[in-house]
Amino acid sequence: MKLSTISAALAGAMMLVGCGGGGGSSSSGSSTLSGNVADGYLSGAKVCLDKNRNGACDTGEPTTTTGSGGAYSLSGLSESDAGAYPLVVEVPASAVDSDTGTAVGQSFVLKAPAGKSGFVSPISTLVQQKLDSGAATTVDAAVAAVKADLAAAGQTAPADLFANYLSANDTGTHTIARALTASVKTYYEAVKDGLSSNAQIKALQDAALTQAMSDLRTGTRTGLAAVTAAVVAKASSDTASQSAATQDVTINFDVVNGATSVRCGDVVTLANTQLWDHAATNTSAVALATPAAQTSTGKLVDLRFYVSNVALVDQDGNATPVVLTENAGQSNGLALLNFGYNTVSSGATYANVTCSPTTGYVTSITGKVKPGTYTGVTMVVGVPLYGPDMLRQNHSNAADASNALPLQNSAMAWSWQSGRKFTKLEFWPTSPVQKPNSSTTPKWVVHLGSTGCSGDPTLGTTAPTSCTNPNRVKLAFNSFNASSQKVVLDIGQLFKNSDLQYDAGGAAGCMSGTTDPECGPIFKALGLDLSTGLMPTTLAQSVFSVK
């Protein structure tokens with residue numbers, strides 16, 4: 001290595017440490033950022049270099065997970081990138097806080113400015129918020145503004161906003177950080193579920209922190225309506241992505257059983273695993289110690305699902321939203337894919353099931369994106385809490401003509417508070433489904449939607465409806481060619497570990513209940529944790545793929 005190259009590498013490392021990089025180092029043209037993440041030290045949080053500055057960890061961005069003591073290390077970075085981009089930490093509900101030794105319980109986001117990533121905390125997040133919002137254009141100016149805000153809130157700001165208050169045993173700053181986190185968690189968790197654009201997510205981050213500062217002054221957390229209103233006001237004005245979207249795109253979908261495309265009314269044979277003892281004749285189903293493989297034959301009688309937040313991804317991992325064409329099957333960022341459904345509402349039998357449509361299924365979505373070359377796709381299977389216009393989507397009246405057109409479908413809705421059925425997949429076996437008390441039911445169904453919901457949707461955005469279990473399936477495919485490939489739902493994979501001839505309790509099949517015995521295998525196939533409705537990194541969905 002030439003002397004000049006060595007000097008440049010050393011200078012880069014010194015610059016990172018001098019600017020609060022905290023363990024930043026470089027070698028042979030690559031750099032490593034390392035440090036700690038805290039309210040108390042947080043383990044199990046996702047850390048990324050936010051190269052597209054959208055406040056989220058996206059596919060293609062350098063990413064790692066915090067370990068013991070909230071420690072993280074991002075290696076293999078270019079020297080220029082290491083000091084150029086802010087750090088984002090997505091803290092899931094399952095992350096563990098060293099203050100308590102237990103999970104934080106509610107998700108939130110922390111940040112640190114470029115070059116100041118050695119200790120990421122609620123305090124460093126305040127500084128980055130000033131930069132994100134445009135309230136400050138330099139780190140020094142942002143630091144000064146945060147110190148002024150803290151003083152106005154009656155708090156004593158630390159001399160160094162990026163110092164590790166835990167290792168320094170600075171209990172005063174730690175107390176401020178804990179108060180900020182408590183407020184941010186409350187607002188972020190209540191509003192975040194189903195936000196449908198990066199603009200909305202960034203607006204939420206900004207509004208939650210602004211309100212958290214106000215809470216410091218008052219000592220209360222009563223600003224949920226203010227946070228929601230701020231998200232509405234800021235995100236509703238974000239039209240840049242729509243005006244730049246001029247390149248046509250069509251994304252095709254299919255429902256298959258293995259290698260065969262299937263539609264409503266088709267007779268299919270599904271290979272699955274016998275999980276229950278069919279001989280049990282009392283009200284307590286008995287699980288088999290050694291499940292035996294079996295097959296189940298029957299008709300598909302409903303194949304519908306919603307998708308939202310559709311975006312194409314370029315080779316650098318940057319996601320560009322697809323602005324959907326407005327029509328009966330898709331509008332306001334939401335689309336309902338329809339592969340047929342049963343039209344016999346009462347008195348139906350296996351013999352007289354009829355499906356509609358029989359042709360002209362809705363198997364694709366169309367729209368426009370900003371011109372570019374795209375190599376991947378992301379989307380969410382489910383209905384957002386709010387649409388791009390910040391009108392309610394999931395918790396809205398199916399009879400309301402102001403709704404997005406795909407939502408004007410009562411068959412895909414539960415009650416208002418329960419929201420929409422994100423997927424409705426129903427299988428009608430040739431023989432009735434047995435129950436442990438010797439009764440039967442005709443169908444084995446999967447109705448996926450949010451559960452544990454509360455709030456009054458008739459009050460608009462002043463009283464947000466929230467759900468403890470979102471149950472939305474987030475899909476990301478790094479390799480996708482819209483001109484030659486489809487996004488495929490494989491019912492064979494969905495039902496692979498389910499007993500479709502037996503129902504051990506709860507609703508017939510799986511209707512998203514956390515105690516329903518049939519939901520465990522279904523949720524696992526979808527990559528969802530049944531108890532939380534989230535998608536932990538320890539689970540990988542096996543139902544959707546690109547073909």
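Summary of computed values
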quantity: Residue list for the range 369-397, filter: open to solvent by 20 Å² or more (accessible area, probe 1.4 Å) and closer than 17 Å to Gln417 by Cα; calculated: Leu391, Arg392, Asn397
quantity: Matching entry among Trp428, Trp416 (being outside any strand (DSSP E or B) and not basic (Lys, Arg)); calculated: Trp416
quantity: Filter result (out of contact with any helix residue (DSSP H, G or I) (no Cβ under 8 Å at 6 or more places or on another chain) and either at pLDDT 95 or above or open to solvent by less than 10 Å² (accessible area, probe 1.4 Å) (or both)) within the range 103-113; calculated: none
quantity: Long-range neighbours under 9 Å by Cβ, at least six apart or interchain, first residue farther than 18 Å from Leu391 by Cα within the range 401-416, second open to solvent by 40 Å² or more (accessible area, probe 1.4 Å) and aromatic (Phe, Trp, Tyr); calculated: Ala411/Tyr341
quantity: Selected residue (criterion: surrounded by the fewest Cβ atoms within 10 Å (Cβ to Cβ)) from residues of the range 292-332 that are in contact with a strand residue (DSSP E or B) (Cβ under 6 Å, 6 or more places away or on another chain) and assigned to a loop (DSSP other than H, G, I, E, B); calculated: Thr325
quantity: Flag if Ser124 is within 27 Å of the chain's Cα centre (by Cα), open to solvent by 50 Å² or more (accessible area, probe 1.4 Å), over 17 Å from Asn52 (Cα atoms) and free of Cβ contacts under 8 Å to residues at least 60 places away in the same chain; calculated: no
quantity: So Ser531, is it of a type in the set (Gly, Ala, Ser), farther than 30 Å from Ser439 by Cβ and open to solvent by 30 Å² or more (accessible area, probe 1.4 Å); calculated: no
quantity: Selection from the range 508-536 of residues that are assigned to a loop (DSSP other than H, G, I, E, B), hydrophobic (A, V, I, L, M, F, W, C) and without any contact (Cβ under 8 Å) to a residue 40 or more places away in the chain; calculated: Leu530
quantity: Among (1) touching a strand residue (DSSP E or B) at 6+ places or on another chain (Cβ under 7 Å); (2) farther than 23 Å from Thr468 by Cα; (3) outside any strand (DSSP E or B) - the single one Pro436 does not satisfy; calculated: (1)
quantity: Odd one out for Ser167, checked against (1) in a helix (DSSP H, G or I); (2) modelled with pLDDT of 90 or more; calculated: (1)
quantity: Residue within the range 172-186 that is assigned to a helix (DSSP H, G or I), of a type in the set (D, E, K, R), buried (at least 16 other Cβ atoms within 10 Å of the Cβ) and touching a strand residue (DSSP E or B) at 6+ places or on another chain (Cβ under 8 Å) present; calculated: yes
quantity: Residue match in the range 458-474 (condition: out of contact with any His (no Cβ under 8 Å at 6 or more places or on another chain), farther than 19 Å from Phe544 by Cβ, open to solvent by 20 Å² or more (accessible area, probe 1.4 Å) and among the aliphatic types (A, V, I, L, M)); calculated: yes
quantity: Some residue of the range 481-490 being more than 24 Å from Val262 (Cα to Cα) and either at pLDDT below 95 or open to solvent by less than 20 Å² (accessible area, probe 1.4 Å) (or both); calculated: no
quantity: Residue count, the range 129-140 (criterion: among the hydrophobic types (A, V, I, L, M, F, W, C) and farther than 18 Å from Ala84 by Cβ); calculated: 1
quantity: Filter result (in contact (Cβ under 8 Å) with a residue 40 or more places away in the chain and either of a type in the set (A, V, I, L, M) or under 22 Å from Leu161 (Cα atoms) (or both)) within the range 54-69; calculated: Gly55, Ala56
quantity: Filtered residue count, the range 32-59, keeping only those that are more than 17 Å from the chain's Cα centre (by Cα), among the β-branched types (Val, Ile, Thr) and within 20 Å of Ser78 (Cα to Cα); calculated: 1
quantity: Residue in the range 442-452 that is open to solvent by 40 Å² or more (accessible area, probe 1.4 Å) and part of a loop (DSSP other than H, G, I, E, B) present; calculated: yes
quantity: Test for Gly360: is it open to solvent by 50 Å² or more (accessible area, probe 1.4 Å), farther than 20 Å from Glu426 by Cβ and either small (Gly, Ala, Ser) or without any contact (Cβ under 8 Å) to a residue 24 or more places away in the chain (or both); calculated: yes
quantity: Count of the range 491-507 residues which are open to solvent by less than 30 Å² (accessible area, probe 1.4 Å) and in a helix (DSSP H, G or I); calculated: 3
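The values are calculated or read from the model by the stated rules, or taken from the named source; none is laboratory data. Bear in mind that the values here come from a model prediction, so they are computed numbers and not experimental data. Note: ideal-geometry Cβ built from the backbone for every residue, glycine included; neighbour counts use all protein chains shown. The protein model used for the area step is the full one, side chains on, heavy atoms only, and it has no ligands, DNA or RNA in it. Shrake-Rupley method; radii C 1.70, N 1.55, O 1.52, S 1.80 Å.
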